[in-house]
Every structure is written in C-alpha cells, then in structure tokens.
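Below you'll find the structure, written out as structure tokens, and then a few comments.
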Amino acid sequence: MTAIPSFTGDANPYGGGDPYADYRTADFPFTQYANLADRQLGAGVIAANDEFFAQRENLLVPERAEFDPEHFGHKGKIMDGWETRRRRGASAGHPWPTAEDHDWALVRLGAPGVIRGIVVDTAHFRGNYPQAVSVEGTSVPGSPSPEELLGDDVKWTTLVPRTPVGGHAANGFSVSVEQRFTHLRVNQHPDGGIARLRVYGEVVPDPEWLATLGTFDVVALENGGQAEDASNLFYSPATNTIQPGRSRKMDDGWETRRRRDQGNDWIRYRLAAQSRIRAIEIDTAYLKGNSAGWASVSVQDGENGDWHEILPRTRLQPDTNHRFVLPTPAVGTHARVDIYPDGGISRLRLYGSLTDQGTAALTARHQELGG
Ligand SMILES: NC(=O)NC(NC(N)=O)C(=O)[O-]
C-alpha cells in the first residue's frame with residue numbers, strides 16, 4: 001500500500017497573507033474514488049456531542065475551508081469547520097481532560113459503500129486542532145436516528161485507529177476494511193476543530209432496492225456506477241457525469257482541456273453490475289462554447305470483452321439534454337462515452353435493468369460485504 005505522509009503538531013499562528021501558504025497536504029492514492037460523504041449524494045452530519053465554536057455541518061461543505069482573521073462572534077473566533085469547546089478536568093487537582101474524553105460526530109454516508117480512504121482536514125485549525133482523531137463505521141439499514149446509532153446494540157468497526165494529526169493539514173488515511181458501511185463516527189481526542197471530512201470509496205447499492213426499481217440509471221454513482229478512467233480531467237472530474245440531478249453550473253459537469261491533435265476525449269465507466277441498457281441521455285448543460293461536438297457510446301461485457309458501439313457518433317447541441325432509445329437493448333458490465341474532439345458533457349444516463357447474472361453478482365458482493 002502506498003505510504004501516506006502523516007502530519008503532527010501545530011501549524012504556525014496565522015501571520016497574514018494567503019492562509020493556505022503553509023498548508024500541509026499530500027497526493028493521496030484513494031482520491032480517484034467517489035466521496036461517499038458528498039452532500040450531493042445525500043450525506044449529512046446528523047449529530048455531534050458538542051459544536052460550541054463551529055457547526056458540524058461545515059465538515060461536508062464541498063468547497064475548501066476559508067479563513068477570515070477579523071471574523072469573531074459572541075463565542076469566539078468564527079471558524080469554517082466543526083469545532084468543540086475546550087474540555088476541562090473534574091477538579092483543580094486535575095484540570096486536564098482524561099485519556100478517555102473525546103468529542104464525536106455522526107455522519108450518514110450519501111451512498112453506502114466500501115471505504116478506501118479518509119481525509120480529516122484541519123485547515124486553519126492551527127493551535128486548536130484535535131490532538132488525535134479516530135473514525136469508526138457501522139452498517140445500519142433504513143434511516144436510523146442519532147439515538148438509535150448511539151445505542152449499545154450498534155456494532156462499530158474501527159476504520160482509523162486513534163492517531164495523532166497535524167494542525168492546518170490534510171490528514172489522510174488509507175482504509176482496508178472490506179465491509180459496506182452506511183454511517184461513520186468521527187472522534188476528536190480530546191477536543192478541537194476539523195474543517196472538512198472526505199470519505200473516498202466505492203458505492204455498493206442494495207440489490208433488493210434496484211430489483212424493485214426495475215428500470216434505473218445503471219451507470220449512476222448512487223446505483224453503484226463508477227467512472228474508472230478518462231482521457232483528461234483538466235477542468236473537472238469525470239465522476240461529475242454520473243452524479244445525481246442535473247448540473248447547475250459548468251464545473252458541475254466534465255470538461256477537458258483543449259486538444260491540439262486529431263484525437264478525442266473519453267470516459268470509461270463500470271456499471272452497477274451486468275446490465276441491459278435500453279435508453280441513453282447525454283446532457284451538455286452549461287457547456288456552450290466548449291460542449292462536445294459529437295459523442296458515441298460503447299459497451300463491454302466483462303473486463304476483457306470486446307467493445308461494441310451502441311450509439312454511433314452523433315451530433316450534440318450545446319447546453320442541451322439529448323435522449324436516445326436503442327433499437328435493441330445492449331448488455332454489458334462497462335460503458336464508454338467518446339466525445340469529439342474535446343470539451344465536455346455534464347451528465348450521462350444509461351437507463352435499463354440488471355440482468356439475472358448482474359443481480360446475482362451484486363447480491364453476492366452485497367452479502368460478502370456484510371450487507
Ligand atoms: N483562537 C481560537 O480559535 N480560540 C478558540 N476557538 C475559537 N473558535 O474561538 C479555542 O479555544 O481554540
């Protein structure tokens with residue numbers, strides 16, 4: 001497994017200028033996966049034991065944390081993160097918190113899945129970040145309340161053991177627990193502030209839910225689709241094309257750099273499981289002077305299967321949703337969209353159903369992962 005740099009200790013007090021000038025971060029080997037704690041997927045920080053200085057919901061804000069050195073409120077410095085009060089011991093003789101004292105926040109993942117990496121970002125928490133953090137996961141079906149999640153009957157699995165972290169730093173942790181999780185518990189030991197939380201992993205949908213739906217978008221991130229690879233990600237990620245809902249601005253979609261050759265750009269996807277595709281949507285919303293000029297879609301059945309074109313190279317209009325009904329359903333486990341010559345699309349939808357083989361494979365994986 002790729003060694004990940006760990007950060008510890010204080011950051012220097014803010015001395016003016018760009019607050020990110022001394023920010024500590026690294027390239028993490030798991031960021032090609034989707035963020036399962038993405039609000040766009042429906043994630044939420046549903047409870048915390050304390051949020052005296054700054055609200056828990058800031059953890060999942062998609063934009064990076066900001067810092068205004070002049071911004072103070074009635075309780076102290078306004079911080080862009082989740083920050084708890086300073087803990088005190090029980091007496092003058094022991095004014096310090098105990099080793100067991102810690103603060104916690106409960107996070108509902110937007111889509112249940114297997115977690116490959118977590119980033120606990122302490123941006124701007126220079127002298128008030130947690131001394132250590134730990135992260136646990138559980139799988140509870142339905143929509144449990146915080147009280148239910150805090151019940152003694154809930155089994156929590158350690159994803160990140162209690163580990164010292166650094167201030168004003170992206171503290172990254174690889175996770176290798178082959179289980180499907182629905183909720184996390186993020187612990188600060190003994191107290192402090194965390195700016196952002198990112199939870200990278202693979203969505204593992206509920207096969208019973210998909211079977212009930214019958215026809216659905218088999219490449220959608222929330223249904224277990226995954227953007228595996230792409231020709232270029234210069235302006236925005238390929239995963240954007242399989243996010244829920246329509247894009248609301250240009251960088252909600254996928255946009256490549258301008259090509260200066262005779263080639264074309266593309267994205268390769270893994271579907272929820274082997275599927276039978278009957279209809280396609282390609283949306284170029286908010287891509288106007290840089291919309292893809294043409295697009296084609298192909299499918300592959302099995303990672304070593306041949307590619308078959310199911311939508312021939314077709315002219316696209318800028319800022320338009322295009323719908324195509326396939327003359328005959330197409331079966332595959334992977335799909336690829338080719339755009340010509342470059343530019344972008346905002347969304348790709350592949351409507352169909354799982355084949356019996358696909359349903360069996362997904363059911364087996366769901367069971368293997370403790371679903
Ligand atoms: N300067 C501070 O940030 N102090 C306190 N935090 C806030 N947000 O005011 C603290 O206790 O860490």
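The values are calculated or read from the model by the stated rules, or taken from the named source; none is laboratory data. Given the structure is predicted, the values throughout are model-derived calculations rather than measurements. Every residue, glycine among them, receives a Cβ derived from its backbone with ideal geometry; neighbour counts consider all protein chains shown.
The table below lists the values:
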read-out	value
One residue from E303, E208 being surrounded by fewer than 18 Cβ atoms within 10 Å (Cβ to Cβ) and either in contact with a strand residue (DSSP E or B) (Cβ under 8 Å, 6 or more places away or on another chain) or farther than 30 Å from E136 by Cα (or both)	E303
In the stretch 90-105, residue surrounded by the most Cβ atoms within 10 Å (Cβ to Cβ) [restricted to those that are within 16 Å of the ligand (Cβ to nearest atom) and more than 30 Å from the chain's Cα centre (by Cα)]	P97
The stretch 27-61: number of residues that are closer than 13 Å to T84 by Cα and part of a loop (DSSP other than H, G, I, E, B)	6
Strands (runs of 3 or more DSSP E) within the stretch 267-349 that include 2 or more residues free of Cβ contacts under 8 Å to residues at least 40 places away in the same chain and over 26 Å from the mean Cα position of the chain (by Cα)	307-315, 321-340
Selection within the stretch 195-213 - outside any strand (DSSP E or B) and more than 22 Å from L362 (Cβ to Cβ)	A195
Residues (among the aliphatic types (A, V, I, L, M) and assigned to a loop (DSSP other than H, G, I, E, B)) located in the stretch 214-235	V218, V219, A220, L233
Some residue of the stretch 341-352 being closer than 27 Å to V177 by Cα, touching a strand residue (DSSP E or B) at 6+ places or on another chain (Cβ under 8 Å) and buried (at least 17 other Cβ atoms within 10 Å of the Cβ)	no
Subset of the stretch 120-136 [buried (at least 20 other Cβ atoms within 10 Å of the Cβ) and either of a type in the set (A, V, I, L, M, F, W, C) or in a loop (DSSP other than H, G, I, E, B) (or both)]	V120, T122, A123, H124, F125, R126, N128, Y129, P130, V133, V135
Long-range neighbours under 9 Å by Cβ, at least six apart or interchain, first residue within 12 Å of I194 (Cα to Cα) and aromatic (F, W, Y) within the stretch 73-89, second assigned to a strand (DSSP E or B) and near the ligand (Cβ under 8 Å from one of its atoms)	W82/A54; W82/G193
Criterion violated by T31 - all others in (1) surrounded by 14 or more Cβ atoms within 10 Å (Cβ to Cβ); (2) at positive phi satisfied	(2)
Subset of the stretch 174-194 that is within 16 Å of the ligand (Cβ to nearest atom) and outside any strand (DSSP E or B) - its residue that is surrounded by the most Cβ atoms within 10 Å (Cβ to Cβ)	G192
Residue within the stretch 108-129 that is under 25 Å from G151 (Cα atoms) and either within 16 Å of the ligand (Cβ to nearest atom) or over 25 Å from the mean Cα position of the chain (by Cα) (or both) present	no
Residue tally, condition farther than 30 Å from G110 by Cβ and in contact (Cβ under 8 Å) with a residue 24 or more places away in the chain, over the stretch 17-35	1
Residues that are more than 16 Å from the ligand (Cβ to nearest atom) and basic (K, R), drawn from the stretch 59-89	R64
Test result for A48, at negative phi, aliphatic (A, V, I, L, M), touching a residue at least 60 places away in the same chain (Cβ under 8 Å) and within 16 Å of the ligand (Cβ to nearest atom)	no
Condition met for E136 (of a type in the set (D, E, K, R), modelled with pLDDT of 95 or more and touching a Lys or Arg at 6+ places or on another chain (Cβ under 7 Å))	yes
Selection count where residues are under 29 Å from G370 (Cβ atoms), touching a residue at least 60 places away in the same chain (Cβ under 8 Å) and among the charged types (D, E, K, R), scope the stretch 108-143	3
